[in-house]
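Below you'll find the structure, written out as structure tokens, and then a few comments.
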Amino acid sequence: MGHADSAVKASLPLSQSMSFSDEQSMLLETATAFCRDKSPIATVRQRMTTDAGFDRAVWDEMVALGWSGMAIPERFGGSGLTLAEVATVTEPIGRHLLATPLFSTQLFVQAVLAGASPTQQALWLPKIVSGAIGTVALFEQDGDWALDALAASARIEGNAAVLAGNKILVGDALQADCFAVSVMLDGAPALAIVPKADIGAARIRRETIIDETRRSASLSLDGVRVPASALITGEAARKALEAVRHAGLLLVSAEAAGGIAGVLGVVLEYLNLRKTFGRKIGSYQSLKHTCADILIGLERSRSHVYHAASLMTEAAAGSDIRAIDIDVALRMAKVEAGDSFVFAGDRAVQFHGGFGFTWECDAQLYLRRALWLQYAFGDAGHHRRRLADTLLSPVG
Amino acid sequence: MDLSYGPEYEVFRDELRAFIAANRHLAPVAGGPRDEKARAWQRLLIAHGYTARTIPSEYGGAGYPPDLLKSRIIAEEFASARVSPGLGGQGISMLVPTLLEMGTEQQKRDFIPSTLSGETVWCQGYSEPGAGSDLAALRTSAVLKGDEWIINGQKIWTSTAHLADWIFCLVRTEPDAPKHLGISFLLFRMDTPGIEIRPLVDMTMNANFNEVFFTDVRVPAHQIVGRRGDGWKVANVILGNERDSLADPNIAQARLNALVELMKTETLDGHRLIDQPIYRDRLMRIQGRVMAMKYNELRVLSSKLNQGQDAALARMIVKLQGTELRHELEGLGIDVMGERGLAYGANPYLQDSGAWQVHYMFYLGLIIGGGTSQIQKNIIAERGLGLPREPKTAGAA
């Protein structure tokens, strides 16, 4: 057996605890009931028309439930759990299209946890636990998914760094209290932890994006001053960006898995209602079979997401799990959940006929979210290419 | 609920590995139940509880309590060691579980031990020319005369009928009842007078399945499992088991690894296939699905342990995906060989003994067998998703 054979096998570790713990099962139940209750579809549409895009009272309740501080260690006031629990509540968020800054905030948390100084951690993490909103400013105009290919920069002036450049697709930027901004510093990626006041409202401009249930903005960084102590550099920056990428892949995949379940619900309701040629359209095999395909995509996505989450939990608990295996598991989860949700959303629109093409039809809300999730942190083709580089022999 | 393998399971795995290492020279390379080496291996495995594990010892099994994790460890270890996990076949995988659930005490004693040991080989008499996907439309009749059933009709696609000692067979005993309620489940010897077997050559050019004709075949009345008219219920116990055993992610992974090796030697336009982006992308699509199968399997196991979700439905999804995936994987193997993929049979340019071509076709057979993918999707959509049934056409029972 050759090299690739062993490489492929070695990179398929089985998580030892694939299924939910009792605590996770309870959490899933709680979160599902919460999201259903707080995010009926009429409310989703109402929130889409607001500037903030989400309901602050609902966010306060999520904070009170401990969700914002779930993956924050107890010494900072958090619950000391892991991203697996955050993924558990993210699935129903996706299912019910709940608008929330939880995702942006968790990416900020991961950057700070993985790379920031103890002082910065002690400054920001307790604030997040009590409801502050965080976000990350990573992506730039070229749309590159590589988090270390940056045009934005920082240069040191005495005890401070002065930033330059622009960021796009900064989630919940208009509501965020703090930002983790990636920049090039002395030829290497770095992160600056910046409070909102130091960026200033004038530099933040709302963007229109394909998923109207989310809020996003561009940042102009020119002239933003950050104390040098708020910089994450070198190996710490690399770790922080890796942690953000991992969290992004896991949570986007979990949200997509939930979204498939949600849009399948929308489809099934319509297929059991609408009649053509004297019979319910759900009795036609072409629609039935597609629904079975959507269900299978959902099951596959969940399996990949749960597996990746379990591996990350085991790694966090000190198990001997290679970074490359986590990377493979996360990319696979993203590939499956991303593709499956776009497929489900696309067919959901089609199955509603002419009505499906209208703004009134709820299926399109899911499709637009599916597209957002597909392109966030790398689409399926991108990840398959990276997976091939990891799992097969290098090209050449 | 936690699926952690505790220390108990790690010890179990270590013992099993040691057993395989010490005894693998005794395992048959190929060979069915007629092969004495295969039967001896079967006895050894039963004695150690590595096959027929949960079947009570009074019926010739190993008599261990059900433990899904141990069963899974056994399947994994035999697959990765590429050592025979013991005898299979429709008698062991389908009839034995059915008798355990639906058979009389006498039937269990009469049939289970000899089936497990390989002395009695079974075939399954289900499909008919007019009853495939719509199995309940079967027409082979059995009429009770005195203390005998008189059977007339025809079965088709009957695998190993020409090798089998006995058949478990669905027949119509209540012609006036609704179609699902008029069927009974009979057991009878294949050398009973009035049975004629004609081999059918399948598309791989193998003659493993047959047409079986019954003309006034006389079967003792007590050779029925369940009551008259309960045959559909009895058969459904088996159908679940059949779907369960058709898709093994460990084997799919081994085939995928072989495909990677093949793609390192095959070239197109002077470049190795393994270096070409389109083929790499196709490989990764398949790899993702193999992994999903593996993780799905874990979730099916956990749902069995949980009694949570519909495990039967989950198994149906496993059958559907597993067979489609293998078909696609083997097909990529043919693609990779280019023009040479056209070789077959005794062709001297044949790659890997024709495994890619034969498996590609064979898995198409498995996609059809036990319910085509289209039928599976109907059932998943109706039973699993609650979509309305197809309206009955005029004339349907």
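A few notes on this one:
- All lysines inside 26 Å of residue A:196 as judged from Cα atoms, apart from same-chain residues fewer than 8 positions distant: A:127, A:167, A:239
- Cα shape, segment B:28-109, gyration tensor, a/c 1.5 rule: oblate
- Unsatisfied cross-links (Cα-Cα over 22 Å) in the set A:275/B:392; B:155/B:179; B:155/B:233; A:280/B:179; B:294/B:319: A:280/B:179
- Each of B:337, A:332 was scored by other Cβ atoms within 10 Å of its Cβ. Arranged with the fewest first, they read B:337, A:332.
- Rough spin-label spacing in nm, given labels placed 7 Å along Cα→Cβ, for residue A:159 and residue B:139: 9.6
- Against chain B, whose longest principal axis is taken from its Cα atoms, helix B:355-368 shows a tilt of about 40°.
- The local environment of residue A:193, defined by Cβ-Cβ distances under 15 Å, has a net charge of +3 under the rule Lys, Arg +1 and Asp, Glu -1.
- Total formal charge among the other residues, if their Cβ is under 12 angstrom from that of residue A:79, Lys/Arg +1 and Asp/Glu -1: -2
- Under 5 Å, built H, 5+ apart or other chain: amide partners of residue B:267: B:273
- Along its first, second and third principal axes, ordered by size, the protein assembly as shown spans 102, 63, 53 Å in Cα coordinates.
- Cα centroid separation, segment B:326-397 to segment B:204-223 (Å): 26
- Folded to 0 to 90 degrees: helix B:277-306 orientation relative to chain B principal axis, Cα: 50
- C-alpha long axis of helix B:36-48 to longest principal axis of chain B, angle in °: 90
- Bins of 10 Å from zero: percent of alpha-carbon pairs in segment B:246-384: 12, 36, 31, 15, 6, 0
- Computed Rg/Rh of chain A, alpha carbon atoms with Kirkwood Rh: 0.98
- Stretchable slack from residue A:207 to residue A:239, in nm (0.36 nm times residue separation minus alpha-carbon distance): 8.6 nm
- Surrounding net charge for residue B:76, when Lys and Arg each add one and Asp and Glu each subtract one, Cβ distance under 11 Å: +2
No value in this document is a laboratory result; all are computed from the given coordinates. Nothing here was measured: the structure is a model prediction, and the numbers come from that model. In this analysis, Cβ positions are derived from the backbone assuming ideal geometry, glycine residues included, and neighbour counts consider all displayed protein chains.
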